[in-house]
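Worksheet for the structure shown next.
Each reported figure results from applying straightforward, stated rules to the coordinates on display, with no laboratory input. Quick caveat, the model's predicted, so the values are computed rather than measured. Note: ideal-geometry Cβ built from the backbone for every residue, glycine included; neighbour counts use all protein chains shown.
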Amino acid sequence: MILSTKEVNGVVQATILAVEANLTNADQFKEEMITLMVNGAKLIVVSFENVNYIDSSFLGSLVVALKYGLPRSIDIYLVALKPDVHNLLTLIRMDKVFRIFKDHEQAMETLS
Amino acid sequence: MIAFPDPPTSVKRILLVEDSVLFGRVIESALRKAGYECVLCDSGPGALDLLSVEIPDLIISDYDMPGMNGFHFRQAVLMNPKINEIPFVFLTSFTDNSLVLEGLNMYALDFINKETPIPVIVSKLNNIIKSLENEHLRSVRELKIAADALNVKSIPTSAPELPGFKIHFWHKGYRGYPGGDFIDFVRVDNRYCFAFLGDIMGKKWKAWFFTFGFLSYIRAAIRFCVLDKDFDLDEIVQKINKLICLDESLQNILSSLSLILLDSETGEVHYTGAGDLPLIGFKTANQRIATVQSSGLLLGLLEEGLYDKQVLKMQPGDQLAIFTDGMIDIPDKNSKKSDYPFFVEKIRPYLGQSHSFDLIQKYVLSGIDDSNQLDDASIIFIEKQ
């Protein structure tokens, strides 16, 4: 398992357990995300609180998950990005396709 | 000939599954002394948990352990396609012939007796690792020969010449593997030349394989637009993106792209980017650097890629650097990080000089090696003359 998950008010809160989000765990992340969606998640809030570094393979998996969710009206939010990870995502415009929040609480507030 | 250096003999990580703490510590310490990283685990289930997040280069397991014994552990490993190819060795005091045979039949590379003197155990493991490494090198070499025979190149051999501009480029594949970065130039005539740099997301062969699909689309889109005398880069990139989104074989494959068009008559550089890193521009008039950021999304992400276009007016002495994320990913303490400002600072002292790119090569790029490179690294460097 690379994600630890819990459901709060119908929202799946998923936390990436790895410190390095890279080639070795990218496929697993993708599979776990898609399984969550297949099992009925409508919104997955992914926390990067443990992640210091994200490589392009993992970014690819993140986008594959997004592309799986889009036609099914499933949203993916990203929270708790460390500054380096946040900067990279902004530099390559991922902030235009993912909603990014400070933490789970802030993400949940937008729903109420 | 595509120049792919051989991968390095990096530090190997060994997972040791052993319920006897004392024996485990002894072997762990001997392996560390021999230059290996060793992770000790006292049970099969614990090791399976560990294997779900970390992939070692070799697994050594005891046979006689409470709960899940070594054979059951081995079977669980074999059942999991993500870890079943990790080389596996039994290290146990049970040396009954039928047991040894049963162990070896489960695709274990060796069945080593615990009574063997420690230096001999380490030496046996050394030999196993070395021979696996040699086999790996042989396979990589054969693939390289095949790729070379097919004449598929994702990096050109030389930069084009265009009046008024000097174009340089540099590329280093991750650990010597051909990867997902690609560079190419399409010289239209004496006035115009396209240059582009991209990065297929992913590493090594998997990314490399898809570069040719992307390259073909990009080259074709550029050629068609040249035929139509349509040099609007945002539209070219939008067309490329559409083709990629429609191509089922490229589903779930993404790539960044920096596409530029050099106009030697006006000295202008036209630019459209797709999920690429901001370019670094140096202005000789004020000796300042500024980043140039486009709005476009990665190729293959969404059909509507939000591509924009920019025109940079370059004066003699002005410079422009276009590069992939392998340049900004660096080791950091025991981890890694992506640090764009770090790379800007690294090349900053050499910008605005008469042989800037030579200096950048000498003092920055030559320092990129297997110990600090985390991904394919590529750069195109343009000087207005």
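Structure summary
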read-out	value
Residue order, fewest to most beta carbons within 10 Å, for B:Ile155, B:Ile60, B:Ile27	B:Ile155, B:Ile27, B:Ile60
Averaged over B:289-302, number of beta-carbon atoms from partner chains that fall within 10 Å	3
In Hz, Karplus ³J(HN,Hα) per residue of the stretch A:41-57 (6.51, -1.76, 1.60; θ = phi - 60°; x = Gly, Pro)	4, 10, 9, 10, 9, 9, 9, 9, 4, 8, 8, 8, 8, 10, 9, 5, 5
Fewest-first sequence of B:Ser52, B:Ser98 by Cβ atoms within 10 Å of each Cβ	B:Ser98, B:Ser52
Positive minus negative residues near B:Lys309 (Lys, Arg vs Asp, Glu; Cβ under 9 Å)	-4
Modelled FRET efficiency - R0 35 Å, B:Leu101 with B:Glu248, Cβ distances, 0.05 increments	0.15
Positive minus negative residues near B:Phe165 (Lys, Arg vs Asp, Glu; Cβ under 15 Å)	-2
Exercise: per-residue mean of other protein chain Cβ atoms within 10 Å, B:331-342	4
Three-way shape call for the stretch B:154-384 based on the alpha-carbon gyration tensor, with the a/c threshold at 1.5	oblate
Per-residue average of Cβ from other chains inside 10 Å of A:92-102	4
DSSP-defined beta bridges in the protein assembly as shown - what % are antiparallel, rounded to 5	65 percent
Neighbour-limited loop hits for trypsin sites (Lys or Arg not before Pro), the stretch A:1-69 (at most 13 other Cβ within 10 Å; DSSP other than H, G, I, E, B)	A:Lys42
Cα-based reach from A:Lys6 at 19 Å (exclusive), listing aspartates and glutamates while leaving out same-chain residues under 8 positions away	A:Glu31, A:Glu32, A:Glu49, A:Asp75, A:Asp103, A:Glu105, A:Glu109
Spatially near lysine pairs across the stretch B:13-148, Cα under 19 Å, sequence gap of 8 or more or different chains	4
Backbone N under 13 Å from the B:Gln75 label point (7 Å along Cα→Cβ), restricted to the stretch B:93-110	B:103, B:106
For chain A: rounded, prolate or oblate by the Cα gyration tensor [a/c cutoff 1.5]	rounded
Cα-centre dipole for the protein assembly as shown with unit charges at Cβ (Lys and Arg positive, Asp and Glu negative), debye to 20	860 debye
Computed over the stretch B:13-148, the ratio Rg/Rh where both radii use C-alpha atoms and Rh is Kirkwood	0.99
B:Ile118, B:Ile382 arranged by Cβ crowding within 10 Å, fewest neighbours leading	B:Ile118, B:Ile382
Built amide H within the under 5 Å cut-off of A:Phe101, gap 5+	A:Leu78, A:Val79, A:Ala80
